[in-house]
Amino acid sequence: MGTDSERNNTDGLLALIRGGKPMTLGQQLRLTVQLSVPSILAQFSSIAMQYIDASMVGSLGANPAASIGLMSTTTWLFSGLCGATATGFSVQVAHAIGAGDMRHARNVLRQSVISVFVFGCMLAFVGISISGHLPGWLGGDPAIRSDASVYFLIYSIFLPVRQMNFLASGMLRCSGNMRIPSMLNILMCLLDVIFNYFLIFGTRQTSIFGIPLEMPGAGLGVEGAILGTVLAETVTASLMSWYLFRRSPMLNLRIDSGSFIPRRSTLKKAVYIGMPMGLEHSVICGAQIVSTVIVAPLGIFAIAANSFAITAESLCYMPGYGIADAATTLVGQSIGARRKDLTRRFAYITVVTGMAIMGIMGVAMYLFAPQIIGIMTPVEEIRDLGIMALRIEAFAEPMFAAAIVSYGVFVGAGNTIVPSIMNFFSIWAVRLTLAAWLAPTLGLRGVWIAMCIELCFRGTIFLIRLARGRWLRTK
């Protein structure tokens, strides 16, 4: 039967799911925490990179900060498409592992490599092609268009690397290994700090323990910020892929042989799972781009404050995405093991946990908004607007958690079509309608009030769908 320690560690608890053995509530809670914590840390490190970039570039002034802010929604769009493509395959792996069919899981992994890499190259081509025109299309001030264009060009060139990083990370998480992706994402954050320090700023005088030193620097500004990020991600993607293909106990491709040529059945399932997510992310990010267009006429200060507030808020909702990753793994493996009772319990546990944690984070965000925004920019006008935005958004965090984690539950079940439609309706019918109505009179405040109302509405409809249980009829 194994020792208590063996039965209570992550691998042992996941084996209980696959083996059809009973699990106590304590074991379910313990497994949820064990999978969530590393994923939360990984999510925090990812957002910390954006926070670091924004803080370092923000110290250069309003224009460089606004140039990155102008591109943020479009980079999220492309990153989301990469993530949806990887998820289409990683959820299949979770189901196969839950069913105890490790060979099929490895075969899906093999077939995914070529598929996602080709898709990443296609996205890169599109991004490179539009990089020169995009800042103008988004209504950016002529003073920031050049930096914004270069930023997006470099980002686009490295999209295949980002795609492979998402694939390797998603595959490891769906196998139940949250530790390696977490550790490597923290490493990526540290590398980003180092690379940014030398690439953004020029050569300057500093001191360490009172000893004066001349610190070299490339002085690339906005260009240095994105170069630091993509270089850090390249190192991380290489290490993540190496571990997945060579060291993973379940997905190590050296265990057996198989074809890397995608099979029609595998691609069909990937499209069924990933396409609704990709379309949903496209329409959501399209809505965010429209929001950027709404904010752009409000001025450079509003653009920068909006970008900083979005980045700062990410620190609050990243725990939700970390728990959602755990929910996808737990629900995916439970569905694969055909244990619907356990699937439902994990769904409720993860959603309630996410709402509680993000509720606490919302309180912290409201109280410490001046300090959070103050780190990112010395410009008083930007700080005031950013603080206002964060304090409005703090009230929506628990319901935002409900939407985030519920969506992770539905993804784990392979049920993505209806939730994607729900997200589409909520964003376009509620948020953008209200933002377009409120922005002319309330400015940036109106945009964030609209966002707060919409997130509460979205969380409500996701909780209703979770409670009804129709998402369980997908297997």
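With the Cα gyration tensor of segment 151-305 giving a ≥ b ≥ c as the square roots of its eigenvalues, does the rule (a/c under 1.5 for rounded; else a/b larger than b/c for prolate; else oblate) give rounded, prolate or oblate? Kindly include the intermediate steps, with their values, before the conclusion.
Numbers: a/c = 2.87, a/b = 1.35, b/c = 2.13.
It comes out oblate by the Cα gyration axes.
Mind putting a number on the dipole of the chain about its Cα centre? Charges go on the C-beta only, +1 for Lys and Arg and -1 for Asp and Glu, and I need it in Debye to the nearest 20.
Working: 34 positive and 22 negative charges, 496 e Å.
Dipole size: approximately 2380 debye.
Along the charge dipole of the chain, pointing to its positive end and built from +1/-1 on Cβ of Lys, Arg, Asp and Glu, which listed residue (W471, P440, A124) has its Cα farthest out?
Most positive-ward Cα: W471.
So what's the angle, to the nearest 10 degrees on a 0 to 90 scale, between helix 179-200 and the longest Cα principal axis of the chain?
The angle comes out at about 20 degrees.
Which is farthest toward the positive dipole end of segment 245-311 among G274, M250, S291, measuring Cα position about the Cα centre, with Cβ charges +1 (Lys, Arg) and -1 (Asp, Glu)?
Positive-most Cα among the choices belongs to M250.
Output the relative contact order of segment 22-474, whole-number percent, from Cα pairs under 8 angstrom with separation of 6+ residues.
On the way: 789 pairs, mean separation 102.7, N = 453.
Reported as a whole number, the value is 23 percent.
Where does the longest stretch of the chain lie that holds no chymotrypsin sites (Phe, Trp or Tyr not before Pro) found in a DSSP loop with 16 or fewer other Cβ atoms within 10 Å? Don't skip to the end; give the middle numbers.
Numbers: sites that count: F209, F260, F368.
After excluding every exposed loop site, the longest remaining stretch is 1-208.
Would you mind ranking D141, D341, D11 by Cβ crowding within 10 Å, fewest neighbours first?
Working: D141 16, D341 9, D11 13.
The most exposed by this proxy come first: D341, D11, D141.
Using Cα centres only, tell me the gap between segment 242-321 and segment 124-162 in whole Å.
So the separation of the two Cα centres works out to 18 Å.
So what is log10(I(q)/I(0)) for the chain at q = 0.05, 0.07, 0.08 1/Å, when the Debye sum runs over its Cα atoms only?
Ignoring solvent entirely, the Cα scatterers give -0.18, -0.35, -0.46.
Can you tell me the 0 to 90 degree angle between the C-alpha axis of helix 142-157 and the longest principal axis of the chain, rounded to 10?
With both axes taken from Cα atoms, the answer is about 30 degrees.
What base-10 log of the normalised intensity I(q)/I(0) is obtained for segment 328-435 from the Debye formula, alpha carbons as equal point scatterers, at q = 0.22 Å⁻¹?
Listed by q, the Debye log ratios stand at -1.09.
Give me L438, L444 ranked fewest to most by other Cβ atoms within 10 Å of their Cβ, as a rough exposure proxy. If you can, show how the numbers build up before the last one.
On the way: L438 19, L444 24.
Arranged by neighbour count, lowest to highest, L438, L444 become L438, L444.
Give me V295, V150, V409 ranked fewest to most by other Cβ atoms within 10 Å of their Cβ, as a rough exposure proxy. Don't skip to the end; give the middle numbers.
On the way: V295 25, V150 21, V409 28.
By the 10 Å Cβ count, ascending, the order reads V150, V295, V409.
Using only Cα atoms, find the angle between the long axis of helix 380-393 and the longest principal axis of the chain, and express it within 0 to 90 degrees, rounded to the nearest 10.
30 degrees
Computed on alpha carbon atoms, what radius of gyration and Dmax characterise segment 153-245, expressed in Å?
16.1, 50
Set Lys and Arg Cβ to +1 and Asp and Glu Cβ to -1, take the dipole of the chain about its Cα centre, and tell me which of S146, S79, T206 lies farthest positive.
S79
None of the figures in this text is laboratory data; all of them are computed from the coordinates on show. Note that this is a predicted model, so its numbers are computed, not measured. Here Cβ is always computed from backbone atoms with ideal geometry, including for glycine, and neighbour counts include all displayed protein chains.
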